[in-house]
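Following: one structure in C-alpha cells, then a few remarks.
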Amino acid sequence: QVQVMESGGGLVQPGGSLRLSCVISGSIYSATAMSWYRQAPGKEREMVAGIVSGGNTKYADSVKGRFAISRDHAMKTAYLQMNSLQSEDTAVYFCNALIRGHSMWGQGTQVTVSS
C-alpha cells in the first residue's frame, strides 16, 4: 500500500526555522512531482511549494525567499526548509505526491509559530 507521510512539524518561535520531510513508502515508482500545501484554521488549503522530477520548483508568493523545497534523487522524499517563520505560517502542512498520474496525500503535520 502506497503511503505518503509527513514529519518535522512542531512549535517554533517567530523568526525560527523548521524542516519538514515527506516520504513515499510502499511504491516501486517514484513521484513525478511533489508539493507542499498548508491549511490554516478557517481557510482553504493552499499550495506552498512544489518540485518536479526535473528539479524545477515553484513557490507561493507569501513564502518566496523564506522557504525552500528539495527532493532526493529517487524522488521519493521531499523536504521543505522553512526559515524566518511568522505567525501567519501556522497551519497543518500536507504533502502531495503525483505517482503514475495518481495524486496521493499525507495526513499532515502541524506547524505552530508562536512566542
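The values are calculated or read from the model by the stated rules, or taken from the named source; none is laboratory data. All figures in this text were calculated on a predicted structure; none of them were measured in a lab. All Cβ positions, even for glycine, are placed from backbone atoms using ideal geometry, and neighbour counts span all protein chains on display. We work out accessible area using only protein heavy atoms, side chains counted, and drop any ligands, DNA or RNA first. Shrake-Rupley method; radii C 1.70, N 1.55, O 1.52, S 1.80 Å.
Annotations
- Protein-only accessible surface order, largest first, of V23, V92, V63 at 1.4 Å: V23, V92, V63
- You can think of it this way: the chain between N56 and M5 has 16.1 nm of extra reach, that is 0.36 nm per residue less the Cα-Cα gap.
- Convex hull volume per residue for the range 15-60, taking Cα atoms only, in Å³: 124 Å³
- Candidates per GluC sites (Glu not before Pro) in the range 37-97, loop by DSSP, up to 13 other Cβ within 10 Å: E44
- Volume of the convex hull of the range 1-41 (Cα atoms only), normalised per residue: 105 Å³.
- What you get for the chain, charging only the Cβ of Lys and Arg (+1) and of Asp and Glu (-1), is a dipole of about 200 debye around the Cα centre.
- Within the same chain, aspartates and glutamates fewer than 8 places from K64 are excluded, and of the rest, those with a Cα less than 19 Å from its Cα are E46, E88, D89.
- Between the listed residues G26, G16, S114, the Cα displaced farthest toward the positive end of the dipole of the chain, a dipole computed from Cβ unit charges relative to the Cα centre, is found at G26.
- Here the Karplus relation 6.51 cos²θ - 1.76 cosθ + 1.60, evaluated at θ = phi - 60°, turns the backbone of the range 17-32 into coupling constants of 10, 9, 10, 9, 10, 9, 10, 9, 10, x, 10, 7, 9, 8, 7, 8 Hz, with x for every Gly and Pro.
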